[in-house]
1. If I ask for residues that are more than 20 Å from residue 99 (Cβ to Cβ), in contact (Cβ under 8 Å) with a residue 12 or more places away in the chain and not in a loop (DSSP other than H, G, I, E, B), which ones from segment 174-201 would you list?
2. All but one of (1) more than 16 Å from residue 15 (Cα to Cα); (2) in contact with a strand residue (DSSP E or B) (Cβ under 9 Å, 6 or more places away or on another chain) hold for residue 147; which doesn't?
3. If a residue counts only when it is within 25 Å of residue 159 (Cα to Cα), in contact with a strand residue (DSSP E or B) (Cβ under 6 Å, 6 or more places away or on another chain) and at pLDDT 70 or above, which helices (runs of 4 or more DSSP H) contained entirely in segment 1-117 have at least 2 such residues?
4. Looking at segment 159-172, which of its residues are over 17 Å from residue 144 (Cα atoms) and either without any contact (Cβ under 8 Å) to a residue 12 or more places away in the chain or assigned to a helix (DSSP H, G or I) (or both)?
């Protein structure tokens, strides 16, 4: 039996590390997918980007931090083997420009062509994700997040969840925060967040540094 596990991340570099960890744990690349907002133009399909990428606003280039962690600059931007090697820029209705690779991106594009609501919503629900959770994931990407989804054998579920949970956000807490701020549900016709809105969103939920 196969189960579909999805997690949402504020940091695309951490999400990509999660993908690499899944592959290292033996999950086939064909069963892993990543969809990341590119509304703030953090990815241009070039591992030799010259401008600084600082999505966590700590004053350091995220790519250099990834390299220091052992990922390497090319790997931090998707220039690694496996699913990340297929990263490309595309547009998904309701999400705007995204950087994506893997089966979910392909399914979302197909769902759009077939008329399924929201594209990514249809792709997620068809793979077994509840509609309510699918809407939260889609909203998270619209607001600048990164979604990683993996198909795992039921016996590997605990291991996959442990890997994917390492840097993922708690979607229940995030949903509650959105609703407290006036969010009433995912709207596929809503405009994707701008770079400035993403910056504010990220600042709102960024954890303070440990002392």
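The values are calculated or read from the model by the stated rules, or taken from the named source; none is laboratory data. This one's a predicted model, so the numbers in the text were calculated from it and none came from an experiment. Ideal geometry is used to build each Cβ from the backbone, glycine not excepted, and the neighbour counts take in all protein chains shown.
1. Within segment 174-201, 174, 175, 177, 178 qualify.
2. Going through (1) more than 16 Å from residue 15 (Cα to Cα); (2) in contact with a strand residue (DSSP E or B) (Cβ under 9 Å, 6 or more places away or on another chain) one by one, residue 147 breaks only (1).
3. 12-24, 103-114
4. Across segment 159-172, the qualifying residues are 159, 160, 161, 162, 163, 164, 165, 172.
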